[in-house]
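Data block below; observations after.
What follows is calculated from the coordinates using simple rules that are stated; it is not laboratory data. None of the values given here were measured: they were computed from a predicted structure.
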Amino acid sequence: MALKYAVTLKNGRLDQITSAISTSGLLRIYSGTRPTNPDTALSGNTVLAELALSSAFAPGASSGVLTASTITADSSADATGTATFFSLLTSGGTRKVDGDVGTSGSDLNLNTTSIVAASQVSVSSLVITAGN
């Protein structure tokens, strides 16, 4: 039988993401196979773009949903490739969260997952939902 969590617990878990990233966090978008989790080393992945997060990654979670504050666009992508996953990192570069990338219905939504070096990369939305 699956566990079910109270909304206050889900919100608390989500708010820990904002605390873990702290101030001046980063969003990196990668190509290649997504690692098992953020504690697993990257292997053969290319950083396509790196974007600056707001000083507070997100306001408090509500109804089990954490919606990122404004994310500054990367005015010049690092490499060309297909975005397959993203990481939220501390300002020191420690990965804390990995997620899916798409154009809709993903954790991180972009206008396109086909990134071209030196082009601008902007986020449409970044929303993390706590499951039960």
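Through the Karplus equation 6.51 cos²θ - 1.76 cosθ + 1.60, θ set to phi - 60°, convert the phi angles of region 22-28 into ³J(HN,Hα) values in whole Hz; use x for Gly and Pro.
6, 8, 6, x, 10, 10, 10
Just subtract the alpha-carbon distance of Lys4 and Ser124 from 0.36 nm times their residue separation and send over the number in nm, one decimal.
40.2 nm
Dividing the alpha-carbon radius of gyration of the chain by 2.2 N^0.38 Å (N being the number of residues), what value is obtained?
In units of the 2.2 N^0.38 Å rule of thumb, it is 1.04.
Enter the Cα centre distance for the pair region 97-132 and region 31-65, rounded to the nearest angstrom.
10
Taking θ as phi - 60°, what are the ³J(HN,Hα) couplings along region 80-88 by the Karplus curve (6.51, -1.76, 1.60), each to the nearest whole Hz, with x for Gly and Pro?
9, x, 9, 5, 10, 7, 10, 10, 9
What ³J(HN,Hα) values, in whole Hz, does the Karplus curve 6.51 cos²θ - 1.76 cosθ + 1.60 give for region 64-73 when θ = phi - 60°, with x put for Gly and Pro?
Karplus values, whole Hz, x for Gly and Pro: x, 10, 10, 10, 4, 5, 3, 10, 5, 5.
Return the long-range amide H neighbours of Thr84 (sequence gap of 5 or more, or a different chain), with a cut-off of under 5 Å between placed amide H atoms.
Tyr30, Ser31, Gly32
Subtract the Cα-Cα distance of Ser22 and Ala56 from 0.36 nm times their separation in residues, and report this length gain in nm to one decimal. Write down the numbers at each step before the final one.
On the way: separation 34, 0.36 × 34 = 12.24 nm, distance 0.69 nm.
So the extension gain works out to 11.6 nm.
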